[in-house]
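Engineer: Got a structure for you, questions after.
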Amino acid sequence: MQKKVYKESFWNLKDLLESHEGKEFDVVLADLEKKVKKVESYKNVLNNDISSDKVLEIIKDIEEVEKLCSKIYAYAYMWFSTDTKSQEARALQNKISQLVADVSNRIMFFSLWFKQLDDKNADRIIKGSNEYKYYFEKLRLQKPHTLSENEEKIINIKDTTGNSILNNLYNIITTSFMFDFVIDGKVKRINFSELSKYVRSTKAEDRKQAYDLLMNEYEKNKDTLGEIYKAIVTDWKNESIKLRKHNSYISPRNLGNDISDKAVECMLNSVKKNTKVFHRYFKLKAKLLGMKRLSRYDVYAPIFGIEKDISYNEAVNMVLESYNEFSPEMSSMAKKIIDYEHVHSITSDVKKGGAYCNDIHPGIVPYVFVNFTGKDRDVSTLAHELGHGVHDLLTHNHSSLLAHPPLILAETASVFGEMILSDKVLEKEKDKINKQALIASKLDDIYATIIRQTFFVIFEMEAHKAIDDGATIDKVCDIYLANLKEMFGDSIDVTDNFKIEWAYIPHIFATPFYCYAYSFGNLLTLALYQMYKKEGKSFVPKYLKFLSYGGSKKPSEICKELDIDLESEKFWDQGFVVINDMIDELEGLTN
Ligand SMILES: [Zn+2]
């Protein structure tokens, strides 16, 4: 049999919608309206004595509404991301966003009702809710921190002119920044996305110039951004601690992730304790770059191997083969996504940058979006996004509301997939310099996704406390600089201008304490990888089962099945064994 040759592809969105206009689309919209009306009709049957069967009937109808909404929304979003210059695509996306927001307001009464229900009746309903059990349990988590209906309404109303506006202002100010970058003696005015490429430049002076321009712009706007931040932090404290009675600044975020405060604390402590592992790496990296010591400007400096061009066909085969060696089931699921023509890999200048995997709902094969340019990194990205797709397919035995994995487990299969691939690539690569480049770029990624994110959250905890105690924004900057110096120890020189760096992290403003989810997910995955290395093939079925839970169970319970205790620092330390091994390997190659 002749082997299939894979070519860069467009995707087929017809599995979502036949058309976004004309009669066909009108039929879809009419169907959505009918479904929403049906849900609305339940408003007057909700009462304390409602049977759990009736509640199940309602939730299944709500699920149908959400499924249809995600299908239409995904269509519009995905079309736009492949054709950002299209007026039509943009108009459709706006229209659908409005429609979806409107629908969600119309059916929100159900979850509000269930959150407010008395404990006895809520327990009765949860007991009879079969596969939806965890969905209802999660809704109830917010109950102790939910205020009266009128108070909730007031918070919603004041947020639209308060917190939301503050975040809009932050975005308006920071996205307008332009930078005068001097290249080949000429000044070029560029935006942030262009500037950020120079942070990874091979030339030290380009990296320095890029960072200096960036920090300078934020420093110039320090007073405005600082006032915005202080207001956001104060609002967070007033709402979370004073009104909703959470124990700590970070607790609301932990509850939202359904992770205990203790588990998060253990993870943060483990990272803090093991940061020295990276000090060793940065010293080694300085040696590889021929420098005495790295400065903060050089953190993402690439170690250059010989760039090889990889065809799309080779890339797909590399991913499928490495997946296949780990588990043929996983490989055939990844292949399914490609065979369904659900991968958009071709590059174009109207296409969005980056990559993503979009899981719409069980019954629809997930979609994968990548910009394939034939570089090593593109192969890892493909393995990463197909990993998400495989994860999603494994969860499709659940109903839609419970399929999608929670935030902290969502990066498991993707990062794991990258690890399997990179081990295979390293094994095949014979050139010493190329090997060094591969490992170093992997370690740079791990630094950025685990260590850096954890230290952001440690900074946030200190900053929230300090602002609560009346600190000035200069004091907040000093806290950040001390945090940076602690993170890098004696391995990297940090200049004072980086003390404003925190202000350019949007998550710190928009979703406080969000960043630890990256460290949590990535470190958990490295620990799983370490288990695989120890246990070999017998780990595979357990791992696939772990993934297949999706969002149907509490994360800590899913982990318990693999004997993972999230509340043990020792568990988290295991991820660092993998990192240490990588650094050992890199060191071995430098001698
Ligand atoms: Zn991902």
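The values are calculated or read from the model by the stated rules, or taken from the named source; none is laboratory data. No experiment lies behind these values; they were computed from the predicted model shown. Positions of Cβ are generated from backbone atoms using ideal geometry, with glycine treated the same way; all protein chains shown enter the neighbour counts. Only protein heavy atoms, including side chains, enter the accessible area calculation; ligands, DNA and RNA are left aside. Shrake-Rupley method; radii C 1.70, N 1.55, O 1.52, S 1.80 Å.
Engineer: Specify the inter-centroid distance of region 527-591 and region 99-157, based on alpha-carbon positions, in whole Å.
Structural biologist: When both Cα centres are located, 34 Å separates them.
Engineer: Also: Sequence-distant or interchain residues sharing an amide H contact under 5 Å with V343, placed H: which?
Structural biologist: Sorted by chain and number, the residues that satisfy this are N12, V368.
Engineer: What is the sum of charges, Lys and Arg at +1 and Asp and Glu at -1, for the other residues whose Cβ falls under 14 Å from the Cβ of V100?
Structural biologist: Residues near V100 contribute +2 overall.
Engineer: Of the accessible area of the chain, with the probe set at 1.4 angstrom, what percent is carbon plus sulfur? Display every interim value, and only then the final one.
Structural biologist: Numbers: 14160 of 27030 Å².
Ligands and nucleic acids excluded, carbon and sulfur reach 52 percent.
Engineer: In addition: Could you tell me the distance between the Cα centroids of region 201-263 and region 422-494, to the nearest Å?
Structural biologist: 15
Engineer: Right, another one. Within the chain, what's the longest stretch lacking GluC sites (Glu not before Pro) that sit in DSSP loops with no more than 11 other Cβ atoms inside 10 Å? List each step's numbers first, then the result.
Structural biologist: Details: sites that count: E21, E307.
In short, 22-306.
Engineer: Could you give the spread of the C-alpha atoms of region 273-368 along their three principal axes, from largest to smallest, in whole angstroms?
Structural biologist: Principal axes ranked by extent give 54, 36, 27 Å for the Cα atoms.
Engineer: First obtain the Kirkwood hydrodynamic radius of region 13-149 from its Cα pairs, then insert it into the Stokes-Einstein equation at 25 °C and 0.890 mPa s, and state the resulting D in µm² per second as a whole number.
Structural biologist: 147
Engineer: Right, here's the next one. With the dipole of the chain worked out from charges on the C-beta (+1 for Lys and Arg, -1 for Asp and Glu) around the Cα centre, which of S19, A466, N247 lies farthest toward the positive end?
Structural biologist: Selected residue: A466.
Engineer: Okay, next question. State the volume of the convex hull built on the alpha-carbon positions of the chain, expressed per residue in Å³ and rounded to an integer.
Structural biologist: Cα convex hull per residue, to the nearest whole number: 171 Å³.
Engineer: Grab the Cα-Cα distance for S176 and T160, subtract it from 0.36 nm times how many residues apart they are, and report the gain in nm with one decimal.
Structural biologist: Contour length minus Cα-Cα distance gives 3.5 nm.
Engineer: Through the Karplus equation 6.51 cos²θ - 1.76 cosθ + 1.60, θ set to phi - 60°, convert the phi angles of region 129-143 into ³J(HN,Hα) values in whole Hz; use x for Gly and Pro.
Structural biologist: So the J values, rounded to whole Hz, are 9, 6, 5, 8, 3, 5, 4, 6, 4, 5, 4, 6, 4, 7, 3.
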